[in-house]
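A.B. asks: Below: one structure in structure tokens.
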Amino acid sequence: MVAPTGKTVVVSGGTDGMGRAVALDRLRRGDTVVVLGSNEAKGRTLQETAGADASRLRFLRADLSLIAENERVIANIADHHRRVDALVLCANRQSPRRQETAEGLEFVFALYYLSRYLLSYGLRPQFEQAEAPVIVSIAGVGLTAGSIDFSDLQQTSKYNAIKAQLQAGRANDLLGVAFAEQAESRARFVMYHPGFTRSGDVSVLGPVTRTAIRVLAMVGARSVDKAIAPVLGFLDEPPQAPLTARDRHKTVPSSLPTLDPERARRLAAHTEALLGRVRGSGEALS
């Protein structure tokens with residue numbers, strides 16, 4: 001029997017796939033788990049599945065594609081938890097067509113990248129109270145496809161679903177680099193690419209694409225349990241280095257162009273300008 005750790009773990013996108021599996025594992029370990037998700041029914045199902053461990057589970061319903069919702073969640077966590085030992089970032093959803101949030105931002109960029117940026121930086125005071133705080137961002141580090149279009153971050157022209165996912169994924173790579181550069185945070189940042197996994201919500205995709213993904217998953221995808229094993233290891237024993245990048249079981253070299261520190265600083269500056277613009281006027285910065 002594994003000894004309980006007594007940690008406080010926050011999981012975004014924790015009602016489906018890998019996030020859900022991580023949440024349930026940490027509950028079984030004796031941790032307090034805060035799950036962030038947009039679906040109230042899935043939150044209730046998660047609590048039912050947790051059984052006797054549900055007393056240590058808090059589900060916060062939130063639309064993480066909205067800046068205001070992320071800030072509300074951060075304030076709620078701060079009110080209830082002096083310390084956060086780990087933040088696991090899983091929230092992501094594809095969009096076949098370009099959608100704008102109520103704050104005027106492109107949906108995939110806002111959910112997949114901006115929510116991770118806001119939660120990582122917004123929970124820093126709680127990380128500082130932890131003995132060995134760690135952030136694990138589950139995305140596609142190691143992939144080199146896709147790039148950041150600094151002239152049109154919101155993809156107002158020629159939107160493409162794959163391009164949107166890749167741009168937000170490369171933005172998450174740079175988020176890790178920028179966060180790790182900041183000496184004022186004790187939190188270790190881990191970027192982890194699980195590979196093709198039988199995980200996630202594909203209901204938003206068209207029927208042909210949805211069926212194709214499900215068939216491929218049956219043939220060649222990793223199970224959720226295998227995919228989350230490294231994540232659980234990072235939570236048990238956070239790395240010593242400020243930044244760890246892992247593509248499945250391989251270390252990703254920091255020399256990759258997708259991990260360029262200068263581009264990371266540039267994106268961070270653009271992000272702060274965008275956040276300031278939205279908070280100030282409710283209009284997005286393209």
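The values are calculated or read from the model by the stated rules, or taken from the named source; none is laboratory data. Keep in mind that this is a model prediction, so the values were computed, not measured. Note: ideal-geometry Cβ built from the backbone for every residue, glycine included; neighbour counts use all protein chains shown.
A.B. asks: Cβ contacts < 6 Å: first residue closer than 17 Å to VAL10 by Cα and in a loop (DSSP other than H, G, I, E, B), restricted to the stretch 133-154; second residue small (Gly, Ala, Ser) and at pLDDT 95 or above, any location; separation 6+ or different chain. Result?
C.D. replies: Cβ pairs passing all conditions: PRO133/ALA187; ALA139/GLY169.
A.B. asks: Counting only residues that are buried (at least 16 other Cβ atoms within 10 Å of the Cβ), part of a loop (DSSP other than H, G, I, E, B) and more than 17 Å from the chain's Cα centre (by Cα), how many does the stretch 6-58 have?
C.D. replies: Number satisfying all stated conditions: 3.
A.B. asks: Just wondering, is there one or more residues in the stretch 182-199 that are modelled with pLDDT of 95 or more, assigned to a loop (DSSP other than H, G, I, E, B) and touching a Pro at 6+ places or on another chain (Cβ under 7 Å)?
C.D. replies: Scanning the stretch 182-199, I find at least one residue that is modelled with pLDDT of 95 or more, assigned to a loop (DSSP other than H, G, I, E, B) and touching a Pro at 6+ places or on another chain (Cβ under 7 Å), so the answer is yes.
A.B. asks: Under the condition of being among the hydrophobic types (A, V, I, L, M, F, W, C), crowded, with 20+ Cβ neighbours inside 10 Å and farther than 29 Å from PRO239 by Cα, which residue from the stretch 67-106 is nearest to the chain's Cα centre (by Cα)?
C.D. replies: Only one residue fits best here, namely ILE67.
A.B. asks: Look through the stretch 217-273, keep the residues that are assigned to a loop (DSSP other than H, G, I, E, B) and among the charged types (D, E, K, R), and return whichever of them is surrounded by the most Cβ atoms within 10 Å (Cβ to Cβ).
C.D. replies: This residue is ASP260.
A.B. asks: Which residue pairs have Cβ atoms under 8 Å apart, sit 6 or more places apart or on different chains, and have a first residue in the stretch 237-258 that is modelled with pLDDT under 95 and a second that is polar (S, T, N, Q)?
C.D. replies: If the second residue must be polar (S, T, N, Q), no pairs are left.
A.B. asks: Before we move on, is GLU131 touching a helix residue (DSSP H, G or I) at 6+ places or on another chain (Cβ under 9 Å) and at pLDDT 95 or above?
C.D. replies: When the stated conditions are applied, GLU131 does not pass them.
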